[in-house]
1. Looking at residue 449 and the list (1) at pLDDT below 95; (2) outside any loop (DSSP other than H, G, I, E, B), which single condition is not satisfied?
2. Are there any helices (runs of 4 or more DSSP H) wholly within segment 74-140 with 1 or more residues that are modelled with pLDDT of 90 or more, in contact with a helix residue (DSSP H, G or I) (Cβ under 7 Å, 6 or more places away or on another chain) and over 26 Å from residue 160 (Cβ atoms), and if so which?
3. Going by what's in this entry, would residue 58 be described as surrounded by fewer than 19 Cβ atoms within 10 Å (Cβ to Cβ) and at pLDDT 90 or above?
4. Return the pair list, or none, for Cβ contacts closer than 6 Å from residues in segment 136-157 that are without any contact (Cβ under 8 Å) to a residue 24 or more places away in the chain to residues that are crowded, with 17+ Cβ neighbours inside 10 Å and not in a loop (DSSP other than H, G, I, E, B), at least 6 apart or on different chains.
5. How many residues are under 21 Å from the mean Cα position of the chain (by Cα), surrounded by fewer than 17 Cβ atoms within 10 Å (Cβ to Cβ) and assigned to a helix (DSSP H, G or I) when one looks only at segment 285-317?
6. Any chance you could count how many residues in segment 88-115 are more than 31 Å from the chain's Cα centre (by Cα), surrounded by 18 or more Cβ atoms within 10 Å (Cβ to Cβ) and more than 15 Å from residue 49 (Cβ to Cβ)?
7. Quick one: in segment 5-28, which of the residues that are surrounded by 13 or more Cβ atoms within 10 Å (Cβ to Cβ) and not in a helix (DSSP H, G or I) is modelled with the lowest pLDDT?
8. Looking only at segment 262-284, count how many residues are within 21 Å of residue 220 (Cα to Cα), surrounded by fewer than 19 Cβ atoms within 10 Å (Cβ to Cβ) and without any contact (Cβ under 8 Å) to a residue 24 or more places away in the chain.
């Protein structure tokens, strides 16, 4: 459904054109009072397509205004309705507009722009520069371009923007590009500068939404309390605006951010409330992919809380991840599928339950870790491979005693796999695995050997290595504990004549 604003002199003519297309009038509301709510404006200037701030169509700038005719009116009506194929039919005799609609359709369907069409598009002016940069940004331009060239195209559009609104419209896209290419500080600076200008409410909150993303991207430990508080205020302000506009999908996305900020502030119930509300919105809006993303976020929150001394969250985390697996299937989203199973492996291993169920949980945990390792291979994903192997080894030390296998021996095998990729390039991660390896080593069966010199030397080397990798007091204390125990063990072996 769209709204068209008319001046009174065009009412009868526009009604006649619309009525000539069967049932088209059912999709259109006509107003002569408020141009601010219109998707199209028809007045003495011709046909005008206002800037679309609602994120419900590609941010492409069609020529505006254009001369009024039945063909241009119907073409622009179908553009506003999102039916670009039908719009092409009406604009076929207007080559410039026809080419623009094809470009718009390419953005909508993520299809590359035909070579011959790229040659016909205007290369000058704010609108043209904006559109070309947009096509280049999303990889749809037929010629190879560098990131610097895309940025230059956006900068040209910004430099000659006819007013603050058009400047803000292009800046929103440019800032998004900067965020996607790890230039968050630059994006934040530009957004802050332009937010000080005289802008419409729509433009202001469009930029504030991107600014929230910029602030979220730059959050890091140790968290700046003032920045967190500013982010909370901006989130609340923007959420309130979007709810007034009934743009609920965008509300849901901001609620995910709000959940993360509340989690940083250790407001766990508040964080869970936000993510549950986002999930309800995405389900009500029939947005299964966003609902799946919310489930993934919720599962990760519960997983984190469970890992930080809150065992009551283990079962809810498992249930949430299992629900997320209905969305993120192995064949359709293999990486997310593997990441969920990597977390499930840990959760099942640490579930506090009746002793007779421990074996069942251990089997399910091992299956999840193996699922994760199908995707996270040593060759393709070494960092993730190391993490999963380390966590699988940890889990093995928690599994019930097996009849045919020494869990600790098997754990050491996976710790070794983790250490093969957790090199000194990752000193903290390597130190964690080295200490885990040492802890498991104490529980190995020496058989008939009262003192295993090879194992002793292996453990001594690993404890000493930790002290060369990090300066974290907790890790160094743990390494020293192992070294002291090893020294005591060696002394006892010598006194008994074994070393």
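1. (2)
2. On the way: elements: 84-90, 95-109, 115-120, 126-137.
The qualifying helices (runs of 4 or more DSSP H) are 84-90, 95-109.
3. Against the criterion (surrounded by fewer than 19 Cβ atoms within 10 Å (Cβ to Cβ) and at pLDDT 90 or above), residue 58 does not qualify.
4. These pairs meet every condition: 136/150; 145/136.
5. 3
6. Step one: filter segment 88-115 for residues more than 31 Å from the chain's Cα centre (by Cα), giving 88-99, 115.
Filter once more, keeping what is surrounded by 18 or more Cβ atoms within 10 Å (Cβ to Cβ): 88, 90-91, 94, 97-99.
After this cut, where a residue has to be more than 15 Å from residue 49 (Cβ to Cβ) as well, the list is 88, 98-99.
Final tally of qualifying residues: 3.
7. Across segment 5-28, the extreme among qualifying residues is 7.
8. Matching residues across segment 262-284 total 3.
The values are calculated or read from the model by the stated rules, or taken from the named source; none is laboratory data. These figures come from a predicted structure and were not determined experimentally. Neighbour counts run over all protein chains shown; Cβ positions are idealised from the backbone, glycine included.
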